[in-house]
Amino acid sequence: MTITQLEYIVALADLQSFSKAADYCCVSQPSLSMQVQKLEDELNLTLFNRKAKPLVPTLEAREVIAKARAILNESNSILSLSKGWSNQVNGFVSIGVIPTIAPYLMPKFLADFQLKYPDLTIRIAETTTANIKKGIQEGKIDIGILVTPLNDSLVEIPLYYEELFLYSNVWEEDGSKLKSTLDPSKLWLLEEGHCLSSQVNSICNLPSGPLVGTKMTYQTGSMETIVRLADQGFGQTIIPQMFVDYLDPKLKEKVYTLPEPKPVREVALVHAPSYSRKAMVKALELEILAHIPDSWKHSQERNIIPI
């Protein structure tokens, strides 16, 4: 049994295809197939149902693959120790970012970050908090950029505190002006699983769900879609400061501050305790902070909304 064989079966489990797994592992398909067959012979187990499309692990293989992931994570942590001792920022890093942060934060600093570290290969995945946490735990994601606190075992490095605002296209009953106060019956939310939706529920003391007050539901993780729905459907939603900055000036006229104490969300870098590439984490932290207003960087007297 070899580390390479374990890498191959984990790739097969994730990609569900011999050809895709071979491409991912940078080997020929016959070579990968031969090594998997050798491992199966050694274990006296059939690990994959080759007749299934897509390829799926057998029932007996699931525990083997879980153990293989754990072994590979430990192997990678040993390799990363030497990288952690180095001050160089190069090689490969995988970053997970939640959708209510990625489109607005990443363009601010990513180009400068790449210019500063040309020998660094970056893979970015835009996905939910739960998927990022799982990816970090499984070793598929090195660093997450998401909303905290998570209240779990991951290391959190707070970056900034972003105010939340009300976007309202709801008119007062007399039709005189747009309503600047929150009306839960008119509120559009992101689909469940997005931390901003959970925070809005906390602010408003609402039950979970994509929309309150009607029989319609619309599942989306896009802030742009939610604002358009609120705008066309005479509704409201809650949006973060960075998204406000991207809005068209006419739409900004429909943005209102929420009552004191103004709610904010804490945005942080997150990684596993075993991730030892400290220079990588520090470089990313400093680059992001260089593109964030100073007034956002302090937590004093902030009403941080839990997720």
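Taking Asn90, Asn44, Asn169 in turn, the Gaussian network model of the chain (Cα-Cα springs below 10 Å) assigns the largest fluctuation to Asn44. If you build a Gaussian network model of the chain, linking Cα atoms that sit under 10 Å apart, which residue out of Gly175, Gly139, Gly91 swings the most? Highest fluctuation among the options: Gly175.
For Leu146, nonlocal amide neighbours, meaning residues 5 or more places apart or on other chains whose placed amide H falls under 5 Å from its own, are Ala268, Val270. Label zone of Asn73 (point 7 Å out along Cα→Cβ, amide N under 18 Å): in the range 255-278 this covers 270-277.
Which order, highest average first, do 10-16, 266-272, 240-246 follow once you tally other Cβ atoms within 10 Å for each residue and take the mean per peptide? Numbers along the way, then the final one.
On the way: 10-16: 19.6, 266-272: 21.1, 240-246: 17.6.
The packing order, highest mean first, is 266-272, 10-16, 240-246.
Taking trypsin sites (Lys or Arg not before Pro) across the range 7-58, the ones in a DSSP loop with at most 14 further Cβ atoms lying within 10 angstrom of their Cβ are Arg50, Lys51. Given the pairs Lys67/Lys116; Lys38/Lys282; Lys134/Lys252; Lys133/Lys282; Lys108/Lys278, which are separated by over 31 angstrom at their Cα positions? In this structure, Lys67/Lys116; Lys38/Lys282; Lys134/Lys252 exceed 31 Å between Cα atoms.
Based on the mean of other beta carbon atoms within 10 Å per residue, what is the order of 290-298, 228-236, 55-63, 96-104, most packed first?
In decreasing order of mean packing, 290-298, 228-236, 55-63, 96-104 become 96-104, 228-236, 55-63, 290-298.
If you take the Cα centroid of the range 120-163 and the Cα centroid of the range 220-274, the two points sit 20 Å apart.
Under 12 Å Cα-Cα from Lys262, which aspartates and glutamates qualify once same-chain neighbours fewer than 8 residues away are excluded? The reachable aspartates and glutamates, counting only those whose Cα sits under 12 Å from Lys262, are Glu162, Glu163, Glu301.
Projecting the Cα atoms of Phe234, Leu55, Met280 onto the dipole axis of the chain, where Lys and Arg carry +1 and Asp and Glu carry -1 at the beta carbon, places Leu55 farthest toward the positive end. Whole-Hz Karplus values for the range 224-241 come out as 4, 5, 4, 5, 5, 4, 5, 5, 7, x, 6, x, 9, 7, 10, 10, x, 4 Hz, taken residue by residue from phi with 6.51 cos²θ - 1.76 cosθ + 1.60 and θ = phi - 60°; glycine and proline positions read x.
For Thr58 and Leu289, the difference between the fully extended length at 0.36 nm per residue and the C-alpha to C-alpha distance is 78.5 nm. Between Trp188 and Gln236, Thr237, the built amide H atoms are under 5 Å apart, and every one of these is 5 or more places off in sequence or on another chain.
Hey, what did the chain get for relative contact order, percent, Cα under 8 Å, at least 6 apart? Mind showing how you got there, number by number?
Numbers: 488 pairs, mean separation 66.6, N = 307.
RCO, the chain: 22 percent.
For the range 115-166, what does the alpha-carbon gyration tensor say about shape, rounded, prolate or oblate, given a ≥ b ≥ c as the root eigenvalues, a/c under 1.5 as rounded, and a/b over b/c as prolate? It comes out oblate by the Cα gyration axes.
Taking the DSSP beta bridges with both ends in the chain, the antiparallel portion is around 65 percent.
Which of these values of Rg and Dmax of the Cα atoms in Å was calculated from the structure shown: (i) 20.5, 74; (ii) 23.1, 78; (iii) 19.7, 72? Derived directly from the coordinates: (ii).
Computed over the chain with a Gaussian network model linking Cα atoms closer than 10 Å, the most mobile of Lys282, Lys177, Lys133 is Lys177. Modelled label positions at Ala66 and Glu42, each set 7 Å beyond Cα in the direction of Cβ, lie 2.2 nm from each other.
Read the figures in this text as sums done on the coordinates, not as results from a lab. Just so it is clear, the structure is predicted and the values come from calculations on it, not from any experiment. All Cβ positions, even for glycine, are placed from backbone atoms using ideal geometry, and neighbour counts span all protein chains on display.
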